[in-house]
Amino acid sequence: MKNRINTCLSALASLLCCGAFTASAQEASGLKVENAVLAHTADDSLSVQMTLYLMSVRPSSNRAVVLTPYVVHGTDSVELPSVGVYGRNRYLYYVRAGESQLTGSGEQSFRAKECPATLSYTASVGYADWMDGSELKVASRVYGCCSDIEDEHTALLASYAEPVKEVIWAPDLAYITPAAEPVKSRDLQGRAFIDFPVNVTEIRPDYRSNATELEKIMATINSVREDEDITVTSLSIKGFASPEGSYAGNERLAKGRTLSLKAYVEKAYSFPKDFIKTSWEAEDWAGLREYVAGSSLKNRDAILSIIDSDLKPDAREWKLKSTYPADYRTLLAEVYPGLRHSDYRVDYVIRRFSDVDEIRRLVSSDPHKLSLNEFYIASQSYEAGSEDFIRVMETAVKVYPDDPVANLNAANAALLRKDAESATRYLQKAGDSPEATKARKALEELRALGEN
């Protein structure tokens, strides 16, 4: 398309500069035009932009040269504001009253002596469907005395196969700078299923699948403990027993097995005293309820009613066992083993990053180390709307999927690439800030343009 425009402009320059004009036509010789652009803008207007080179358009004292651009397609056309260059006498006669009497208001009028060498011409008119496939032309008229036209010709400035389909998309977007975190505190959580023989609280690493479950805990600790950017601050372990048997007996088992796991971990590491925090819950009724609620047990609702009752744990378990023995056997075999578990959490702090190059590398290699503010620092090092800029914003929202600021900034990035589907998804979690309101308005405009 650009080559086509340049070809048209070269043809225009040749036409205007050739020696085939009459003497009066030579008053306009030397006109050159570059960068002619037609575009359908977001506010449903047809925008025309070009650069006029007027250094050689110098009519004599009694003449005027008026250039009138217009858009045409078939029998439809619309004129744009003219540019008039007047010789001394014609300038005094036509323009002294405050407006050109050749073309009326809206004309940019210049006395030849004071005419600029170049003029950035911009104009816009309301868009109409016929403008698809239109052409931009200019009518050049040389006026003599009594407003007689001594010479007139028309030149093509730009022609497009689809000129107005290329909409200028310039949404009014505003990003939010995320607040910097004074301390980047994070945690890793997991669940281990350590098996114990009946009524035993001592850990046996070689018993059943205990080796695998213990290794899972160690791997979680090591994943952060061995990272030089991370400082582990504490470890928490909470043990649970299943509801069968007496509550007192289950509390003893939950406590004993939790402390046994703590001792095992302490032996493997040189943690400070009281570094590992412990707690326990005698019977995991919440876990049982979650399973039953999602099950297809025949007496599911009645069992849920028992679980939710005010009965003490032993009475609750007895009623469940005695009232629905078949369902109870299913729970005992398929669900209760999973209720005997140890939940653990590793709390740690990640150091802050300030070097832009380092932050850029982490966006690709280890984004979970970055705060939202650090992601934003990386994004600002790229051109807004560039592939790298968008990549940073989208990585940030993957790391912080529920954060309103991350979702707003990712929505803005999606809007810049005209991705209405992604922008819609992000804006659902972007909150109600003024910046989010702007983004939603831009999304409406994008949809109105028929994008995505």
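Note on GLU394/GLU34: beta-carbon distance plugged into 1/(1 + (r/R0)^6) with R0 of 41 Å gives a FRET efficiency of 0.60. Taking other C-beta atoms within 10 angstrom as a stand-in for reagent exposure, LYS418, LYS438, LYS398 fall in the order LYS398, LYS418, LYS438, fewest first. 3J(HN,Hα) along the range 75-80, derived from phi through the Karplus expression 6.51 cos²θ - 1.76 cosθ + 1.60 where θ = phi - 60°, amounts to 8, 9, 7, 8, 7, 10 Hz, with x in place of Gly and Pro. About its Cα centre, the chain has a charge dipole of approximately 680 debye under the convention of +1 per Lys or Arg Cβ and -1 per Asp or Glu Cβ, with nothing else charged. The gain in end-to-end length when the ILE203 to ALA448 segment is fully stretched comes to 81.7 nm, 0.36 nm per residue minus the alpha carbon separation.
Which whole number in µm²/s is D for the chain by Stokes-Einstein, with the Kirkwood Rh taken over Cα pairs at 37 °C and 0.692 mPa s? Please report the intermediate quantities before stating the final value.
Values: Rh = 29.6 Å.
Stokes-Einstein gives a translational diffusion coefficient of 111 µm²/s.
Please report Rg over Rh for the range 280-324, where both radii come from the alpha carbon positions and Rh follows the Kirkwood definition.
Answer for the range 280-324: 0.95.
Across all Cα atoms of the range 261-363, the radius of gyration (one decimal) and Dmax (whole number) stand at 21.8, 67 Å. Along the positive direction of the dipole of the chain (beta-carbon charges: Lys, Arg +1; Asp, Glu -1; about the Cα centre), which of PHE193, ALA248, PRO337 reaches farthest? Selected residue: ALA248. Bridges between two residues of the chain, per DSSP, are antiparallel at a rate of about 85%. When Rg and Dmax are taken over the Cα atoms of the range 353-448, they come to 13.0, 42 Å.
Taking only alpha carbon atoms, the range 189-348 gives an Rg to Rh ratio of 1.03, where Rh is the Kirkwood radius. Near ASP229, no amide H atom lies under 5 Å from its own; only residues 5 or more places off or on other chains count, and H is placed 1.01 Å from N. In this structure, the residue pairs whose Cα-Cα separation is over 24 Å, taken from LYS32/LYS137; LYS418/LYS438; LYS262/LYS312; LYS238/LYS312; LYS262/LYS321, are LYS262/LYS312; LYS262/LYS321.
Normalising the average separation of contacting C-alpha pairs (under 8 angstrom, six or more residues apart) by the number of residues puts the relative contact order of the range 178-317 at 22 percent. Charge dipole (Cα centre; +1 on Lys/Arg Cβ, -1 on Asp/Glu Cβ; no other charges) of the range 201-278 amounts to roughly 400 debye.
Going from the residue with the fewest nearby Cβ atoms within 10 Å to the one with the most, SER422, SER296, SER77 rank SER296, SER77, SER422. Dividing the mean sequence gap of close Cα pairs (under 8 Å, 6+ apart) by how many residues the chain holds gives a relative contact order of 13 percent.
The H on the amide N of ARG111, modeled in the peptide plane, is under 5 Å from the matching H of TYR86, each at least 5 residues off or on a different chain. Look at ILE203, ILE237 and count the other Cβ atoms within 10 Å of each Cβ; fewest to most, that gives ILE203, ILE237. Proximity of backbone amide H atoms, modeled 1.01 Å from N, is registered between GLU283 and ALA241 at under 5 Å, excluding neighbours fewer than 5 places apart on the same chain.
Values in this text are rule-based calculations from the coordinates and carry no lab data. Values in this document were obtained by computation on a predicted structure and should not be read as measured data. No Cβ is skipped: glycine too gets one built from the backbone with ideal geometry, and neighbour counts run over all protein chains shown.
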